[in-house]
1. Restricting the range 166-198 to residues that are without any contact (Cβ under 8 Å) to a residue 40 or more places away in the chain and surrounded by fewer than 24 Cβ atoms within 10 Å (Cβ to Cβ), which is nearest to the chain's Cα centre (by Cα)?
2. Pairs needed: first member in the range 379-399, among the aromatic types (F, W, Y); second member anywhere, in a helix (DSSP H, G or I); C-beta distance under 6 Å; at least 6 residues apart or different chains.
3. Among the residues in the range 158-168, are any touching a helix residue (DSSP H, G or I) at 6+ places or on another chain (Cβ under 8 Å) and not assigned by TED's automatic domain parsing to the domain that holds P41?
4. Identify the single condition in (1) modelled with pLDDT of 90 or more; (2) surrounded by 14 or more Cβ atoms within 10 Å (Cβ to Cβ); (3) touching a strand residue (DSSP E or B) at 6+ places or on another chain (Cβ under 8 Å) that G209 does not satisfy, given that it satisfies every other one.
5. Among the residues of the range 136-173, which ones are among the β-branched types (V, I, T), in a strand (DSSP E or B) and closer than 19 Å to A97 by Cα?
6. When you scan the range 16-115 for helices (runs of 4 or more DSSP H) that lie fully inside it, which ones turn up with 1 or more residues that are within 17 Å of T164 (Cα to Cα), in contact (Cβ under 8 Å) with a residue 24 or more places away in the chain and touching a strand residue (DSSP E or B) at 6+ places or on another chain (Cβ under 7 Å)?
7. Scan the range 116-135 and give yes if some residue there is more than 30 Å from V351 (Cα to Cα) and assigned to a helix (DSSP H, G or I), otherwise no.
8. When only residues in the range 85-113 that are small (G, A, S) and surrounded by 24 or more Cβ atoms within 10 Å (Cβ to Cβ) count, which is nearest to the chain's Cα centre (by Cα)?
Amino acid sequence: MTDFSMELSEDQLTIQKWVHDFAENVMRPAAHEWDEREETPWPIIEEAAQIGLYGLDFMADAFSDPAGLKMVLALEELAWGDAGICMAIIGSTLAVAGIMGNGTPAQQMEWIPQCFGTPGDLKLGAFGVSEPDAGSDVSSLKTRAVYDAASDEWVLNGTKTWITNGGIANTHVVVASVDPELAGRGQASFVIGEGTKGISMGQKFQKMGIRASHTAEVVLDDCRIPGANLLGGKEKLDERLARAREGKKSGGQAAMKTFESTRPAVGAQAVGIARAAYEYALDYAKERKQFGKAIIENQSISFKLANMKTQIDASRLLVWRAAWMAASGKPFENGEGSMSKLMAGETAVRVTDEAIQILGGYGYVREYPVERWHRDSKIYTIFEGTSEIQQLIIARAISGLHLS
């Protein structure tokens, strides 16, 4: 006898079906329209808020799962519905992750609700790390935060780029350098509240995929925020900087703490996209007839589908393992979080590409959804750490060396 089981609990199955129904009935019918419009789908976010899918209560319930699976189950279903709308709905959780990973309990209570608002009065959150000259290399951030002791304020200057909800969010969480000589160890996270002067939206990007999700630059020009908006507090920061200057361990980079917690979630979305493309291609292959038989009867097609299904299931298992480890407090000693994102992101690109191939010309036209899924999939090998960065993290973990 063993207690080991891979069966989902009734509670997990309930949330999975609830989110799937929303994805199928609300998101999928609207996906093409919002991809074409390249705008934030406010009506869809409002519908999500009305049923409790967008908001603090859903986040609290999903993260309360001791197995850690509720959130990744929900994200797979949302991305199965549409990755762009999914990102519009969950983009605020990036800011929440930044606050949870670095903020005090009081700061979490104050700021996390402001990332969502309420039905009828929606709010958005944004998390800003990347810069024009610092994407994968987050240790070289140029955005500076300088403390003004006379007014107990932090003054922020710099430009963030590739920011989900950037410039339109009500609450921005920004990682900035407070001691450039310490590189990544001299960084901290700050909350910029609604109505703060000195923060503005720069360029809004027109993207290949996830086009229903707003992505833009955030410009900080002598942006002054209260001292209390430093996540974790100044005393904790001063202690961490002192340890870093002495060459001691300082608790890690602010940005990395956020990324570590979100990588399995990103992987789950990639699994959802891959699954959508696989299911569509499977149905098509059963119905499409050439030379007097369904094309799935051709080994070249059936083997493609077999490989697609195998890669999807393997990716999901890696995501579930990483999510379980994170919820159980088990360290990613071999880069398990990065493994999940690496495998799932690369799988989404391969599977959607194969889906296009199976559909042939139909797969290449925008009347059918597989070309959109392929466009959406590519970002999952780029954002929140490229595939190459994930490989580097895993390689460092398994070798014990600081490889570059």
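The values are calculated or read from the model by the stated rules, or taken from the named source; none is laboratory data. Worth saying up front: this structure is predicted, and the values here are computed from it rather than measured. Reconstructed Cβ throughout: ideal geometry from the backbone, glycine too, with neighbour counts over all protein chains shown.
1. My answer is S177.
2. Y380/A270; Y380/G345; Y380/A348
3. yes
4. For G209, the failing item is (3).
5. T161, I163, T164, T171, V173
6. Because the criterion is at least 1 residues that are within 17 Å of T164 (Cα to Cα), in contact (Cβ under 8 Å) with a residue 24 or more places away in the chain and touching a strand residue (DSSP E or B) at 6+ places or on another chain (Cβ under 7 Å), the helices (runs of 4 or more DSSP H) in the range 16-115 that meet it are 42-50, 83-90, 92-102.
7. no
8. G91
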